[in-house]
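Colleague: Below: one structure in structure tokens.
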Amino acid sequence: AREELRWLLEGCRDLLAAHRLLGEIALEEGDAKLARAHFGYAFQLGVDALAQAGDPGPLLYQRPANQGFFQAGKGLAWSFQQLGQPDKAREIAERLLALDPADALNFRTMLASIDSTPRQPPGG
């Protein structure tokens, strides 16, 4: 599957679905850094598209065209958590929750988890 997705990206570097799927593969293999890269690229594609459209809202997860963006964002937030960057995870989760307060992907639960994790002191 990985090679097929890479092949697709050769033809269209900005294929959100391919980056999201490569992020999921990286997560399954325990590579949070690679997952962050693919999810981050996919998420940024969505953010850029929203900016070009004048930041319309709300953006509902229930619409199939929006689901890949939200899934990439959740993967990105989870990757940040795994890499010890809870503030970045929080930023992503809060942004997606603001776009769709219905919270189909349980961002509130993710935020509660971030809040309950003790923060490390700088340099510690």
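The values are calculated or read from the model by the stated rules, or taken from the named source; none is laboratory data. Worth saying up front: this structure is predicted, and the values here are computed from it rather than measured. Here the Cβ positions follow ideal geometry from the backbone for every residue, glycine too, while neighbour counts run over all protein chains shown. Each accessible area value is taken on the protein alone, full model and side chains, heavy atoms only, with ligands, DNA and RNA left out. Shrake-Rupley method; radii C 1.70, N 1.55, O 1.52, S 1.80 Å.
Colleague: Please identify, among Leu50, Leu60, Leu21, the residue showing maximal mean-square fluctuation in a Gaussian network model of the chain using a 10 angstrom Cα cutoff.
Modeller: Leu50
Colleague: Report the relative contact order of the chain, percent, no decimals, based on alpha-carbon pairs under 8 angstrom and at least 6 residues apart.
Modeller: Normalised by residue count, the contact order of the chain is 21 percent.
Colleague: Lys/Arg Cβ at +1, Asp/Glu Cβ at -1, dipole of the chain taken about the Cα centre: which of Ala49, Gln71, Gln82 is farthest positive-ward?
Modeller: After comparing all options, I get Gln82.
Colleague: What is the Cα convex hull volume of the chain when expressed per residue in Å³?
Modeller: 120
Colleague: Quick check: at a probe of 1.4 Å, how many percent of the accessible area of the stretch 24-108 sits on carbon and sulfur atoms?
Modeller: Carbon and sulfur atoms account for 50 percent of the accessible area of the stretch 24-108.
Colleague: Which FRET efficiency value, to the nearest 0.05, do you get for Cys12 and Arg63 by plugging their Cβ-Cβ distance into 1/(1 + (r/R0)^6) with R0 = 30 Å?
Modeller: With R0 = 30 Å, the Cβ-Cβ based efficiency is 0.85.
Colleague: Additional query: How large is the accessible surface per residue of the chain, computed with a 1.4 Å probe and reported in Å² as a whole number?
Modeller: 60
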